[in-house]
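Peer 1: One structure is given below, represented as structure tokens, and several questions about it will come after.
The values are calculated or read from the model by the stated rules, or taken from the named source; none is laboratory data. Worth saying up front: this structure is predicted, and the values here are computed from it rather than measured. Note that we place each Cβ from the backbone using ideal geometry, even for glycine, and neighbour counts take in every protein chain shown.
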Amino acid sequence: MRPILQSSCAVATSAAEARFRIDAPVEGRRGTRVVALDDGAATLVRRLARESWNAARFFTLVAQSHEAQSHEAQSPPVNGGGPPADMALHRTDGTAATLADELGEADVAVMVATTNGSAPAAAVIGRACARRGVMTAGLVLGEQHDVADTVTALRPHAQVLLVTRDEQDVAEVLSALRA
């Protein structure tokens, strides 16, 4: 076997190899949807929404009253016993949106959570994305020992899961996704 030399890369830049190079610019994504699953994550998501992004949209969950939650618990199951097919969201400017409408043009959904991440919301988002072929990512902020329950809740619903203590990592992941 021939050793790889430092000058081996020069072969890949020869005229013969250059004709296979793709010079077209990498296009941005159709749309990244970023959803905060709890109040701590909502603060970060609102701050990130003020930055410049390609086609990313940022959302928080609509808080339900305890009365609505208990009524929901007594309601008959939707979709054969699974979670509801849709959920209400708020854009960071406060206007209403629905998950189904937002996922129609999305190719990646990023769920952001802290120590109080919403497991039911993660399940709804994860299943809705799976039905549509939308990639899912989970970003959990906090100390490892504090976020164990949140990680457990998101793991089944996120194809990629990152646990971090640094809020800047969320922005870096969104940049890497060309959000």
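Peer 1: Go through the stretch 30-50 and give me each residue that's acidic (Asp, Glu) and part of a loop (DSSP other than H, G, I, E, B).
Peer 2: The answer is Asp38, and nothing else.
Peer 1: Run Ile22 past the list (1) surrounded by 13 or more Cβ atoms within 10 Å (Cβ to Cβ); (2) modelled with pLDDT of 70 or more and report the number of the one that doesn't hold.
Peer 2: It fails just one condition, (1).
Peer 1: From Ala16, Ala36, grab the single residue that is within 16 Å of the chain's Cα centre (by Cα), of a type in the set (A, V, I, L, M, F, W, C) and either surrounded by 14 or more Cβ atoms within 10 Å (Cβ to Cβ) or modelled with pLDDT under 90 (or both).
Peer 2: On inspection, the qualifying residue turns out to be Ala36.
Peer 1: Could you grab me the full set of residues in the stretch 120-160 that are in contact with a Gly (Cβ under 6 Å, 6 or more places away or on another chain) and either under 17 Å from Val45 (Cβ atoms) or of a type in the set (S, T, N, Q) (or both)?
Peer 2: Across the stretch 120-160, the qualifying residues are Thr136, Thr150, Leu154, Ala158.
Conditions tested, residue by residue: (1) modelled with pLDDT under 60; (2) loosely packed, with under 13 Cβ neighbours inside 10 Å; (3) of a type in the set (Phe, Trp, Tyr).
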position	(1), (2), (3)
His66	yes, yes, no
His71	yes, yes, no
Leu89	no, no, no
Gly104	no, yes, no
Gly117	no, no, no
Ala121	no, no, no
Val124	no, no, no
Ala128	no, no, no
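Peer 1: Search the stretch 148-172 for residues that are aliphatic (A, V, I, L, M) and pair each with any residue that is assigned to a loop (DSSP other than H, G, I, E, B) and surrounded by fewer than 18 Cβ atoms within 10 Å (Cβ to Cβ) when their beta-carbon atoms are under 7 Å apart and the residues are at least 6 apart or on different chains.
Peer 2: Val163/Gln144
Peer 1: Inside the stretch 116-159, can you point out the residues that are among the hydroxyl-bearing types (Ser, Thr, Tyr) and within 19 Å of Leu48 (Cβ to Cβ)?
Peer 2: Ser118, Thr136, Thr150
Peer 1: Related question: Inside the stretch 39-51, can you point out the residues that are touching a Ser or Thr at 6+ places or on another chain (Cβ under 6 Å), at pLDDT 95 or above and of a type outside the set (A, V, I, L, M, F, W, C)?
Peer 2: Residue satisfying the conditions is Arg46 alone.
Peer 1: Which of the residues belonging to the stretch 32-49 are without any contact (Cβ under 8 Å) to a residue 12 or more places away in the chain and not hydroxyl-bearing (Ser, Thr, Tyr)?
Peer 2: Across the stretch 32-49, the qualifying residue is only Arg47.
Peer 1: If I ask for residues that are free of Cβ contacts under 8 Å to residues at least 12 places away in the same chain and either of a type in the set (Gly, Ala, Ser) or at positive phi (or both), which ones from the stretch 131-147 would you list?
Peer 2: Listed by number, the list holds a single entry, Gly133.
Peer 1: For the stretch 99-179, please list each of the strands (runs of 3 or more DSSP E) lying entirely inside it that holds at least 1 residues being over 19 Å from Arg57 (Cβ atoms).
Peer 2: Answer list for the stretch 99-179: 135-141, 160-164.
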